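Asks: My questions all concern the structure below.
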Amino acid sequence: MASSTIISRKMIKLLSPTPPSLRCHKLSFMDHINFHLHSPYAFFYPKIPQNYSSKISQILENSLSKVLSFYYPLAGKINNNYTYVDCNDTGAEYLNVRIDCPMSQIINDPYNDAVGVVFPQDLPWSSSWNRSPLVVQLSHFDCGGIAVSACTSHTIFDGHSLSKFINDWASTARNMDFKPSPQFNASTFFPLPSETNLSSTLPTKHPSKRHVSRMYNFSSSNLTRLKDMVTKESHVKNPTRIEVASALVHKCGVTMSMEKSGMFKPTLMTHAMNLRPPIPLNTMGNAVCIILTTTVTEDEVKLPNFVAKLQKDKQQLRDKLKDMKKDMMPLYTLELGKNAMNIIEKDTHDVYVCSGMTNTGLHKIDFGWGEPVRVTLATSNKNNFIFMDEQSGDGLNVLITLTKDYMLKFQSNKELLEFASPVVESTK
């Protein structure tokens with residue numbers, strides 16, 4: 001296993017101080033009820049042009065300093081009951097780290113768990129209260145390649161906000177005259193009720209060391225095949241990439257579960273729905289609702305049936321939210337989250353969690369030295385599927401996290417391998 005050595009650790013201060021009028025950033029009700037942990041993303045760059053190699057860290061530090069002046073809550077301190085951020089300009093934590101192996105050893109490992117070395121130890125998916133809301137690590141490999149990782153507080157950022165921040169940081173690195181335009185006004189749409197039960201949050205489970213993750217690729221042509229198969233065998237119209245891909249990994253999960261137990265167990269699959277619009281696209285914070293899709297029979301697991309059910313659940317949620325007052329959306333989201341947690345605690349269903357970071361531009365993040373060859377996250381909780389755009393083309397990458405014994409069965413599933421291939425083949 002590769003080891004790392006910290007070369008330097010510092011706090012990156014804001015280029016322009018936060019005005020006193022913005023010192024207290026009120027968290028929204030949606031922020032308050034969300035998971036209070038660090039979301040860990042990493043970007044790998046194997047070939048650095050010679051004219052950049054000696055000044056990479058300085059470029060990242062200078063551009064981060066400037067972009068933090070616009071994303072000032074990331075340089076503050078979250079209070080202990082998650083109701084506001086003290087935007088005190090403490091800064092973002094920044095580490096320079098040396099990795100004692102070539103990058104190929106990490107990105108060519110069949111299991112994604114190897115990427116953990118490019119994140120600060122024990123930080124991914126951990127509490128975001130007692131650490132900086134943003135922790136960046138620049139990792140230098142023996143081969144000259146680098147990885148840039150960012151762990152951001154989910155209390156302040158959802159996936160949409162994180163992608164906007166990373167894109168704006170990269171744009172600033174390429175052009176210091178670039179001016180981001182985020183709006184930290186989510187609390188005006190989702191205000192904290194005056195009599196909030198401050199313990200009403202979504203429970204957080206930290207990843208187990210027994211979980212492993214692998215990344216699979218759905219090529220554009222295989223996604224088209226999946227869509228054609230689903231539409232020909234049902235009344236489903238215009239299924240999306242994520243709908244058909246998540247239906248397949250769900251079906252493979254059910255097959256795996258039945259092989260182990262010898263019987264069918266009902267399932268619950270959750271998807272996250274971005275609430276922008278109706279919330280403005282440049283509103284930072286958490287603006288996501290949960291879609292809950294259940295199956296109680298094997299017939300419902302079949303791809304056409306599951307996609308039809310998923311589309312119906314999505315439309316029902318849209319219809320429900322369309323006429324709902326915005327300040328009621330967090331309570332409804334909390335209710336859905338608690339319903340899901342009740343199912344998990346009763347262990348009546350196998351639960352699968354899907355999230356998508358597609359159409360965000362994260363697969364093409366360019367700080368000035370080209371696009372990454374790999375974008376990924378640290379290993380998360382079991383039965384977790386994270387969808388991302390592939391590095392080239394219109395396909396999808398999905399990061400699949402399972403228990404070790406389930407992964408051994410899952411990765412040999414013939415139906416999965418008919419439509420998806422591991423990004424890194426196993427040599428074992």
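The values are calculated or read from the model by the stated rules, or taken from the named source; none is laboratory data. These numbers come from a predicted model, not from an experiment. Here the Cβ positions follow ideal geometry from the backbone for every residue, glycine too, while neighbour counts run over all protein chains shown. When the accessible area is computed, the model is the full protein with side chains, heavy atoms only, and any ligands, DNA or RNA have been set aside. Shrake-Rupley method; radii C 1.70, N 1.55, O 1.52, S 1.80 Å.
Asks: What's the magnitude of the charge dipole for the chain around its Cα centre, counting Lys and Arg as +1 and Asp and Glu as -1 at the beta-carbon? Answer in Debye, nearest 20. Working shown, then result.
Replies: On the way: 45 positive and 38 negative charges, 53 e Å.
Magnitude of the dipole: close to 260 debye.
Asks: So if each residue of separation counts as 0.36 nm, and I subtract the Cα-Cα distance between residue 314 and residue 232, what length gain in nm does that give? Write out the running numbers ahead of the final one.
Replies: On the way: separation 82, 0.36 × 82 = 29.52 nm, distance 2.11 nm.
Answer, rounded to one decimal: 27.4 nm.
Asks: May I ask you to compute the full-extension gain from residue 414 to residue 50, defined as 0.36 nm times their residue separation minus their alpha-carbon distance, rounded to one decimal in nm? Mind dumping the intermediate values first?
Replies: On the way: separation 364, 0.36 × 364 = 131.04 nm, distance 4.49 nm.
Separation in residues times 0.36 nm, less the Cα-Cα distance, equals 126.6 nm.
Asks: Separate question: Enumerate the amide H contacts of residue 351 below 5 Å, restricted to partners 5 or more residues apart or on another chain; note that Pro and chain-start residues carry no placed amide H.
Replies: 268
Asks: May I ask you to give the solvent-accessible area per residue for the chain, in square angstrom, as obtained with a 1.4 angstrom probe? Please report the intermediate quantities before stating the final value.
Replies: Numbers: 18720 Å² over 428 residues.
On a per-residue basis, the chain sits at 44 Å².
Asks: Now, a different point. How far is it, in nm, from the label point at residue 58 to the one at residue 281 when both lie 7 Å from their Cα along the line to the Cβ?
Replies: My value for the distance between the label points is 3.6 nm.
Asks: Shifting gears a bit: Suppose accessible area is computed on protein heavy atoms with a 1.4 Å probe; arrange 210, 241 from highest to lowest. Before the final figure, lay out the partial values.
Replies: Numbers: 210 170, 241 50 Å².
Largest accessible area first, the residues go 210, 241.
Asks: Now for a different question. Separation between the residue 6 and residue 322 pseudo-spin-labels, each 7 Å from Cα along Cα→Cβ, expressed in nm?
Replies: So the label points at residue 6 and residue 322 sit 5.3 nm apart.
Asks: Using a 1.4 Å probe over the heavy atoms of the protein chains, calculate the carbon and sulfur portion of the accessible area of the chain as a whole percent.
Replies: C and S fraction of accessible area: 51 percent.
Asks: Classify segment 1-115 as rounded, prolate or oblate from the Cα gyration tensor: take a ≥ b ≥ c as the square roots of its eigenvalues, call it rounded if a/c is under 1.5, otherwise prolate when a/b beats b/c and oblate if not.
Replies: Numbers: a/c = 2.79, a/b = 1.58, b/c = 1.77.
Verdict is oblate for segment 1-115.
Asks: A further question follows. Nearest-5 percent of antiparallel DSSP beta bridges in the chain? Don't skip to the end; give the middle numbers.
Replies: Values: 57 of 73 bridges.
For the chain, the DSSP antiparallel bridge percentage is about 80.
Asks: Right, another one. List the aspartates and glutamates whose Cα lies under 20 Å from the Cα of residue 179, skipping any in the same chain that are fewer than 8 positions away.
Replies: 61, 89, 168, 366
Asks: Would you mind finding the longest exposed-site-free stretch of the chain, with exposed GluC sites (Glu not before Pro) meaning DSSP loop and at most 11 other Cβ atoms within 10 Å? All intermediate terms of the calculation are to be shown ahead of the outcome.
Replies: Details: sites that count: 195, 425.
For GluC sites (Glu not before Pro) (loop position, at most 11 other Cβ atoms within 10 Å), the longest site-free span of the chain is 196-424.
Asks: Something else about it: Mind scanning 26/326; 325/346; 314/409 and naming the pairs with a C-alpha gap bigger than 20 Å?
Replies: Going by Cα-Cα distance, 325/346; 314/409 fall outside the 20 Å limit.
Asks: Now for a separate question. Where in segment 74-91 is the amide nitrogen less than 14 Å from a point lying 7 Å along the Cα-to-Cβ axis of residue 194?
Replies: none
Asks: Within the set of other residues whose C-beta is less than 14 Å from the C-beta of residue 372, count the net charge using Lys and Arg as +1 and Asp and Glu as -1. Could the numbers behind the result be given before it?
Replies: Values: positive: 47, 364, 374; negative: 366, 371, 389, 390.
With Lys, Arg at +1 and Asp, Glu at -1, the neighbours total -1.
Asks: Can you figure out the FRET efficiency of residue 240 with residue 177, using R₀ = 41 Å and their beta-carbon distance, to the nearest 0.05?
Replies: 0.65
Asks: Give me the dipole magnitude in Debye, nearest 20, for segment 4-188 about the Cα centre, with unit charges on the beta carbon: positive for Lys and Arg, negative for Asp and Glu.
Replies: Numbers: 14 positive and 13 negative charges, 107 e Å.
That gives a dipole near 520 debye.
Asks: How do 34-40, 348-354 rank on mean C-beta neighbours within 10 Å, highest first? Kindly include the intermediate steps, with their values, before the conclusion.
Replies: Values: 34-40: 23.1, 348-354: 19.4.
Result, highest mean Cβ count within 10 Å first: 34-40, 348-354.
Asks: Using only C-alpha positions, report the orientation-averaged shadow area of the convex hull of segment 211-422, nm², one decimal. Numbers along the way, then the final one.
Replies: On the way: hull surface 51.1 nm².
Reported value for the Cα convex hull: 12.8 nm².
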